[in-house]
Structure formats: structure tokens, C-alpha cells
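The values are calculated or read from the model by the stated rules, or taken from the named source; none is laboratory data. Quick caveat, the model's predicted, so the values are computed rather than measured. Quick reminder, even Gly has a Cβ in these numbers, built from the backbone with ideal geometry, and neighbours come from all protein chains shown.
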């Protein structure tokens, strides 16, 4: 694959330095994020070690600065965490899209189309808030799996969900009659955060990300790794 080169090691090179990052252990796609950051860090001759933990503990560890940073978080994550620095260029995005039953004949052209349909979403997902206010009726479910089953049983017209998370759930559940419909309704960019003791790395990583973004390598890497993850299920 085109992104294999940074992992090659020559005899003349010294051993890469290492950083330890927090990842939320219940977050879908963490393995994709881990592989993306592993690849990016290799470009500056660093290794990355991932420490997975529940969301509440991850929040506490970040606040206390016990590890070197956070794998991926939304832009304003460190607003009240002075020990964390955000790498300015986003690493990836959460792509919000509608999913519906194949036989429901739902037509989504843009966000205003939601007013014609009943909508389901996963409780606690803030990205659903602006969409549920437009829909004809809304239903809150407790998990992504229950959400996909809800649409499979046609108890709501559409689900609003992170596209990749939905695809993982559908494949895990072996549901074949629920699919994405219409365009991506919103992109929520996610960023890498480092403890302030690694301030020098922020600039180095940002330069790498800018170059990868401009060349299209970053988006291509994401697509390849997501496809590999889905194929492994």
C-alpha cells in the first residue's frame, strides 16, 4: 500500500521515541484512529502506545496530565484543560449521515428533508441535536446496535448517525437491509491533542498533517483503513 513506507527501518536509524496516548475503549473506529496516528507519528520517527480506558476515566487522566495526550477528540475538547494542546490541522472527521431501510423510499437531499420523516438517534450524541429538532418525530435509543435494529424493524424512517460507526454495527449485526441515504449532512472534524510538555511535537505533527491533507494522502489513508477494518469483521 502507498502508506507503508514510513514503517521501514534502516540499520543507520536510531530507535524511535515513544509517546503514550489515551483512547476511549468503547469508541468505534479507535483501531482506525490508532493506525492513522501510528502512520503519522512514524513520519517524525516516533512510536505511539495506546492506553484504552472508559470515557470518564479518560477525561480524568487528560485533566491530570498523566499520559502524553489524547488520540482523537473534537475541536473544543481542551477548552477547560490547560495542560492539553491541540494540533491545529484535523486528523479525520466524523461524517454524520442518514440511514434508512432499503424499502422505505426515503429521499434525503439536505438537512431540510428531515422534516418529512421520523428520526431515531443514539441518546447522548450531541451531533444529533440539530437534526432531531427538524424531524417530524424523534426516538432516542441507548446504543448504536439498538438504533440499527430499530431502523431494520422500520420503527422510524431514518437514523442519524456517524457513518463509519453505523457500517460497523450493521456488519456486526449482519443487517443487510439498512443503508446510507443521501449526502453527508455534517462533518465533525477530530483533532489530536498533546500534553503541553510536548509543545515542540505540535508543530512537527501539524506540518505532516498539512502536507498529507494537501496531497490527498490523509483522506485516502482514512478510506483504506476503514475499508480494511470493515473487511476484518
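Below are the figures for this structure:
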item	result
Any hit, segment 49-64, residues being over 16 Å from residue 209 (Cα atoms) and either in contact (Cβ under 8 Å) with a residue 60 or more places away in the chain or not assigned by TED's automatic domain parsing to the domain that holds residue 209 (or both)	yes
Residue in segment 189-201 that is assigned to a helix (DSSP H, G or I), under 18 Å from the mean Cα position of the chain (by Cα) and over 18 Å from residue 110 (Cα atoms) present	no
Residue within segment 174-182 that is more than 18 Å from residue 36 (Cα to Cα), outside the structural domain of residue 33 (by TED's automatic domain parsing) and part of a helix (DSSP H, G or I) present	no
Condition broken by residue 136, with the remaining ones in (1) in contact with a strand residue (DSSP E or B) (Cβ under 6 Å, 6 or more places away or on another chain); (2) in the same structural domain as residue 73 (by TED's automatic domain parsing) satisfied	(2)
Search result, residues across segment 101-129 that are in contact with a strand residue (DSSP E or B) (Cβ under 8 Å, 6 or more places away or on another chain) and either under 15 Å from residue 184 (Cβ atoms) or part of a helix (DSSP H, G or I) (or both)	108, 109, 110, 111, 113, 114, 127, 128
Residue match in segment 8-19 (condition: at pLDDT 80 or above and either surrounded by 14 or more Cβ atoms within 10 Å (Cβ to Cβ) or closer than 25 Å to residue 122 by Cβ (or both))	yes
Residue within segment 173-186 that is free of Cβ contacts under 8 Å to residues at least 24 places away in the same chain and either within 20 Å of the chain's Cα centre (by Cα) or at positive phi (or both) present	yes
